[in-house]
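The values are calculated or read from the model by the stated rules, or taken from the named source; none is laboratory data. What you see is a predicted model; the values in this text were computed from it and never measured. We place every Cβ from the backbone using ideal geometry, glycine too, and count neighbours over all the protein chains shown. Side chains included, ligands, DNA and RNA excluded: accessible areas come from the protein's heavy atoms. Shrake-Rupley method; radii C 1.70, N 1.55, O 1.52, S 1.80 Å.
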Amino acid sequence: MKIYPLGVGGAFTKTNFHNNYIIHLNEKCLLIDAGSTLRYSLREAGYHYTDIDVVFISHLHFDHVGGLEEMIMQRFWQFNNGQHSPLKTTIIVHEKLLTLLKSLLSHGLANQGRTVEDFCNFVCLKEKEVYKIEDYSFTIFDTSYTHADGLLSFGFKLASLQSNIVFTSDVKRLKEANIIGQVDGNTVAIFQDVSFTFNGVHATLQEVLDYYPKEYYSKLYAMHYNDNVEQFQKVIDSANINIVKKGEILHF
């Protein structure tokens, strides 16, 4: 499994792009979220919209879904030798989020006689339902209302036969989200959003350290963090956690 961090920053980042990832699973590319900076981060990383095979959407904040419509449109309006050769976009979404996501996309896509389904194939998953991508198993877990009040949100677990990663998406109330409940003996990495200053909708570093057992610290990969992360390097080093950096590939 190869993970390319397109961006690692928060919603208002100026330097790190939005917290979106491409995960290479053998011959398939899985995009994790599609924020408003996707049009820039994808190009900087050397990818094109057509390189993406599957997209997962965790929730509907703009830094996770703001670039999705453009991606869908760019893939659909492909031309080869002057002939329209549309590529539909496959989107993995939790069943609770499907109607809201379709409604969001319908404002731009459901016109001129077309529907959202003309542009997208939706993979609608229930809790713990397995979706296979190559040799990997993808499952979604519910973190709704633990990021922001009234907001549906979801993390995922991606597993091979030997190992798995846990991706929290955005979480503030860690105990309620029960991220630890997703971790097992084969978990090699926990991608956890971390704020280094107080934040009303993201866990602070201290909250993260208080929540996880110390033996998990080396498996923590901090993401979705402040632009001034360098100011907290000593604290990060002393905590023995990892920092995901934009453009630095990870292998698991």
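Just checking, how many residues over the range 108-140 are in contact (Cβ under 8 Å) with a residue 40 or more places away in the chain and in contact with a His (Cβ under 9 Å, 6 or more places away or on another chain)?
Number satisfying all stated conditions: 1.
Is it the case that Leu174 is open to solvent by less than 50 Å² (accessible area, probe 1.4 Å) and more than 17 Å from the chain's Cα centre (by Cα)? Explain how you work it out, then say what you get.
Values: open to solvent by less than 50 Å² (accessible area, probe 1.4 Å): yes; more than 17 Å from the chain's Cα centre (by Cα): yes.
Here the answer is yes, as Leu174 does meet what is asked.
Quick one: in the range 213-252, which of the residues that are part of a loop (DSSP other than H, G, I, E, B) and of a type in the set (A, V, I, L, M) is most open to solvent (accessible area, probe 1.4 Å)?
Looking at the filtered set, the residue picked out is Ile249.
Please enumerate the residues belonging to the range 167-188 that are touching a Lys or Arg at 6+ places or on another chain (Cβ under 9 Å), farther than 14 Å from Ile140 by Cβ and not in a loop (DSSP other than H, G, I, E, B).
Those that are touching a Lys or Arg at 6+ places or on another chain (Cβ under 9 Å), farther than 14 Å from Ile140 by Cβ and not in a loop (DSSP other than H, G, I, E, B): Thr187, Val188.
Can you pull out every residue in the range 189-212 that is more than 19 Å from Asp149 (Cα to Cα), assigned to a loop (DSSP other than H, G, I, E, B) and open to solvent by 10 Å² or more (accessible area, probe 1.4 Å)?
Phe196, Thr197
Is it the case, given these coordinates, that Tyr136 is of a type in the set (Ser, Thr, Tyr), in contact with a strand residue (DSSP E or B) (Cβ under 7 Å, 6 or more places away or on another chain) and either crowded, with 16+ Cβ neighbours inside 10 Å or modelled with pLDDT of 95 or more (or both)? Talk me through it step by step, then tell me what you get.
Working: of a type in the set (Ser, Thr, Tyr): yes; in contact with a strand residue (DSSP E or B) (Cβ under 7 Å, 6 or more places away or on another chain): yes; either crowded, with 16+ Cβ neighbours inside 10 Å or modelled with pLDDT of 95 or more (or both): yes.
Yes; evaluated as a whole, the condition is true for this residue.
If you go through the range 141-160, how many residues are open to solvent by 40 Å² or more (accessible area, probe 1.4 Å) and either of a type in the set (Ser, Thr, Tyr) or in contact (Cβ under 8 Å) with a residue 60 or more places away in the chain (or both)?
Here the count works out to 1.
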